[in-house]
Structures are given as C-alpha cells and as structure tokens.
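Chemist: If you scroll down you'll find the structure; I have some questions about it.
The values are calculated or read from the model by the stated rules, or taken from the named source; none is laboratory data. Computed from a predicted model, the values in this text were never measured in an experiment. Cβ: placed from backbone, ideal geometry, glycine included. Neighbour counts: every protein chain shown.
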Amino acid sequence: MRRIAVDELRSRLPSWRPGVVLDEVLAFLAASEEIAPPERVAVFDNDGTLWCEKPEIFQAEFFLHELRAAAAADPALAERPEYRALLDHDQAALAGFGLPRLAVALAELCAGLTAEEFSARSASFLLQRQHPTLGRPFGRAVYQPMLELLDALRVQRFATFIVSGGGTEFVRAISEQLYGVAPEGVVGTLIEYEYVTRDGAPALRRTGRISGDANEGPAKVLNIQQHLGRRPVFAAGNSAGDRDMIEWAIAVPGPSLGILIDHDDDKREFAYESVAATFATTEHIVDVGRREGWTVVSMRDDWTTIFPQLQ
C-alpha cells in the first residue's frame with residue numbers, strides 16, 4: 001500500500017496551527033506505518049475532548065431538560081430533594097448530596113424507557129436544543145480539529161473508539177453522525193436494563209441503576225479491555241479522569257501518542273482546569289501531561305478554529 005506523505009497528512013489537519021504540537025501529531029501519524037494494522041487502535045474521551053463540556057456537561061443538561069418536562073407534567077416530582085436542588089440550582093444542597101446520589105436520581109428520570117426511546121430523546125436534545133452561550137445546537141459544539149484528527153487516523157487505517165465517562169447510550173445516540181464512530185465503538189458509564197415482555201414481545205427497559213463503576217480513571221482501562229478487547233496506541237483526553245487511559249496507551253513498544261487538551265481559550269470556548277468528576281487530585285492534569293511528555297494541545301495557540309461552521 002502507498003505510504004502517505006507527511007504533507008498529505010498535514011493537509012488533512014487544516015485547523016491545526018503549525019508548531020511543535022502539529023509536528024508531534026504528524027510524526028506519530030507517519031510512524032504509525034510501522035504498526036501492524038490490527039494494532040492501530042485510537043481511543044478518545046468525549047466530554048471536553050471531542051465536544052464542549054461547559055457550562056455543564058451535556059448529559060447533565062439533557063437530564064435537567066428531562067427533569068423540567070417531567071416536573072411540569074407531575075409537579076409533585078419536583079419535591080424530591082435531589083430534583084428540588086437541581087431545579088433551584090442550590091449548589092450547597094447539590095454538594096451535600098454528592099455525585100453518586102445525583103447520578104442515580106437523574107438516571108431514574110428515564111427508567112422504564114426502551115433503548116430506542118432513550119436514544120431518540122438523546123439525539124433530539126443534542127441536535128435541536130441550543131447551547132446556552134455558544135449560539136449553536138449542543139451537537140454542533142464539537143471540536144473541528146478533533147474531527148480532522150479522527151479522519152486523519154482513519155486514513156492511516158486506525159480503528160477509532162470513544163471511551164467516555166458519560167452515559168454509553170447518550171453518546172451512542174449520535175456517535176456515528178457526529179464522529180463516524182459506530183454505536184458499538186462507544187464505551188461509557190452503563191445503565192442496567194431489565195428484560196421484560198411488552199405487548200407479547202420481548203423488550204428491554206432502562207432501570208435507574210448504574211452497572212459497575214463510573215467510566216473514569218482506571219475504570220476506563222478496564223472497560224477498554226472488557227468491551228473492546230484491543231489495546232490502544234493512541235489516546236486523547238482532557239482531564240485527570242483520562243490519565244490512566246493515556247498512560248496505558250503510550251506504555252507500548254513502538255510508536256504511540258497521548259494527547260491532552262488544555263482548555264485555555266476564554267475567547268472562543270472556556271478557560272478552566274479539567275478535573276475528574278468522581279475523584280480528587282492534587283496536581284493540575286496539564287502539569288502532569290507536560291511532565292510525562294504527553295502532547296499537550298493549547299486550544300488557544302494550537303487550533304486556528306474551535307467549532308465547525310454552521311450551515
């Protein structure tokens with residue numbers, strides 16, 4: 001097969017500014033010719049890596065949307081303490097409940113739905129509801145440079161997967177449309193299902209129970225093995241929750257690359273420190289990435305544009 005020239009690879013990344021970061025990405029893409037095709041596996045975090053995650057992660061916005069609709073239909077629902085705090089934006093109460101309790105409460109909003117019903121609601125929200133500050137639908141608040149990188153990896157015959165802390169099926173609802181990643185290529189936090197009979201036919205219904213641990217930290221590595229069965233040689237993330245996944249991907253013989261997205265652009269996106277949602281750390285993940293020799297991408301300095309043009 002014809003070896004692709006670096007200039008041709010560069011042409012596939014028009015939103016990446018010339019510089020050290022682009023050079024490192026191109027060097028890896030070129031060196032990947034040395035990797036056996038079955039071992040060309042790339043994994044991407046989603047929230048804050050492939051799409052925006054501020055002012056709140058999109059799945060939280062989705063569940064809040066579902067909560068408002070459910071409370072309008074049944075006002076008594078709003079008196080549940082977790083829901084009352086969410087509707088009132090009571091940060092003190094929310095902090096007191098803790099993320100696990102809130103996650104279960106929110107998951108219970110969609111308990112009883114089939115997989116198809118939940119997917120349809122998720123896709124409708126992402127493709128039609130407007131982001132509160134960016135002037136575009138949530139599903140269009142994806143990062144253009146990362147879409148280009150996904151395509152460049154596929155040109156090099158990489159299999160590309162999404163490994164997210166978010167809900168598996170929330171991301172699956174639009175993964176193929178937005179990223180070209182088939183639903184079965186999404187690994188995320190799982191909700192348990194119940195097998196039931198509906199109208200005389202078998203069906204699956206969502207429960208309010210999370211299956212296993214939230215897909216963050218070491219759980220990402222374990223779930224890559226359990227659900228994909230293939231070790232990556234490329235990983236991209238943005239928070240401490242992605243550290244283990246990046247470390248796992250680059251601890252291989254031969255070419256590998258770990259990318260960390262630094263949210264340092266308060267003009268075109270948001271400027272903030274990305275932290276894990278389910279555990280605390282003492283060191284800024286950007287400092288970790290630089291110390292460990294990862295490719296740290298400055299959104300401000302390394303990307304000429306952030307989001308795709310709206311059509």
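Chemist: With the checklist (1) surrounded by 14 or more Cβ atoms within 10 Å (Cβ to Cβ); (2) modelled with pLDDT under 95; (3) not acidic (D, E) in hand, flag the one item A95 doesn't pass.
Modeler: Here A95 clears every test but (1).
Chemist: Output the number of the condition that A31 fails; it satisfies all remaining conditions of (1) at pLDDT below 95; (2) touching a Pro at 6+ places or on another chain (Cβ under 6 Å); (3) of a type in the set (A, V, I, L, M).
Modeler: Condition (1) is where A31 drops out.
Chemist: Follow-up question, since we're still on this one. Looking for whichever is within 28 Å of L127 (Cα to Cα), in a helix (DSSP H, G or I) and under 23 Å from the mean Cα position of the chain (by Cα) here; the options are F62, F28. Which one fits?
Modeler: When all the criteria are applied, what remains is F62.
Chemist: Sticking with this structure for a sec: If you scan the stretch 124-146, which residues turn out to be part of a helix (DSSP H, G or I) and surrounded by 17 or more Cβ atoms within 10 Å (Cβ to Cβ)?
Modeler: Of everything in the stretch 124-146, those that are part of a helix (DSSP H, G or I) and surrounded by 17 or more Cβ atoms within 10 Å (Cβ to Cβ) turn out to be F125, L126, F138, G139, R140, Q144, P145, M146.
Chemist: Right, next: Can you spot a residue in the stretch 137-153 that is of a type in the set (D, E), closer than 23 Å to N238 by Cβ and in contact (Cβ under 8 Å) with a residue 24 or more places away in the chain?
Modeler: Yes - at least one qualifying residue is present in the stretch 137-153.
Chemist: So which residues in the stretch 193-223 are basic (K, R) and within 22 Å of the chain's Cα centre (by Cα)?
Modeler: Across the stretch 193-223, the qualifying residues are R206, R209, K220.
Chemist: Select, from V171, V181, the only residue that is outside any helix (DSSP H, G or I), under 18 Å from the mean Cα position of the chain (by Cα), modelled with pLDDT of 95 or more and among the β-branched types (V, I, T).
Modeler: Just a single option satisfies the conditions, and that option is V181.
Chemist: Scan the stretch 218-229 and give yes if some residue there is surrounded by fewer than 20 Cβ atoms within 10 Å (Cβ to Cβ), more than 28 Å from V275 (Cβ to Cβ) and not hydroxyl-bearing (S, T, Y), otherwise no.
Modeler: Checked against the condition, which is being surrounded by fewer than 20 Cβ atoms within 10 Å (Cβ to Cβ), more than 28 Å from V275 (Cβ to Cβ) and not hydroxyl-bearing (S, T, Y), the stretch 218-229 yields at least one hit.
Chemist: Give all pairs with beta carbons closer than 7 Å in which a residue from the stretch 178-206 that is farther than 30 Å from V221 by Cβ meets a residue that is surrounded by 15 or more Cβ atoms within 10 Å (Cβ to Cβ) and of a type in the set (V, I, T); count only pairs at least 6 apart in sequence or on separate chains.
Modeler: A203/T114; R205/T114
Chemist: Regarding D244, is this residue modelled with pLDDT under 95, acidic (D, E), in contact with a helix residue (DSSP H, G or I) (Cβ under 6 Å, 6 or more places away or on another chain) and assigned by TED's automatic domain parsing to the domain that holds P145?
Modeler: No, not satisfied.
Chemist: Enumerate the helices (runs of 4 or more DSSP H) found wholly within the stretch 77-118, keeping only those where 1 or more residues are more than 24 Å from S211 (Cα to Cα) and among the polar types (S, T, N, Q).
Modeler: Of the helices (runs of 4 or more DSSP H) lying wholly inside the stretch 77-118, those with at least 1 residues that are more than 24 Å from S211 (Cα to Cα) and among the polar types (S, T, N, Q) span 91-97.
Chemist: From the list S119, S164, pick out the single residue that is buried (at least 16 other Cβ atoms within 10 Å of the Cβ), closer than 30 Å to T197 by Cβ and touching a residue at least 40 places away in the same chain (Cβ under 8 Å).
Modeler: Criteria check complete, one pass: S119.
Chemist: From E108, E79, which residue is modelled with pLDDT under 95, surrounded by 15 or more Cβ atoms within 10 Å (Cβ to Cβ), more than 29 Å from E273 (Cβ to Cβ) and of a type in the set (D, E, K, R)?
Modeler: Being modelled with pLDDT under 95, surrounded by 15 or more Cβ atoms within 10 Å (Cβ to Cβ), more than 29 Å from E273 (Cβ to Cβ) and of a type in the set (D, E, K, R) holds for just one of E108, E79, which is E108.
Chemist: Okay, moving on. Can you tell me which condition L13 does not meet? The list is (1) in a loop (DSSP other than H, G, I, E, B); (2) touching a Ser or Thr at 6+ places or on another chain (Cβ under 8 Å); (3) closer than 20 Å to I259 by Cα; (4) of a type outside the set (S, T, N, Q), and all the others hold.
Modeler: With (1) in a loop (DSSP other than H, G, I, E, B); (2) touching a Ser or Thr at 6+ places or on another chain (Cβ under 8 Å); (3) closer than 20 Å to I259 by Cα; (4) of a type outside the set (S, T, N, Q) applied to L13, the lone miss is (2).
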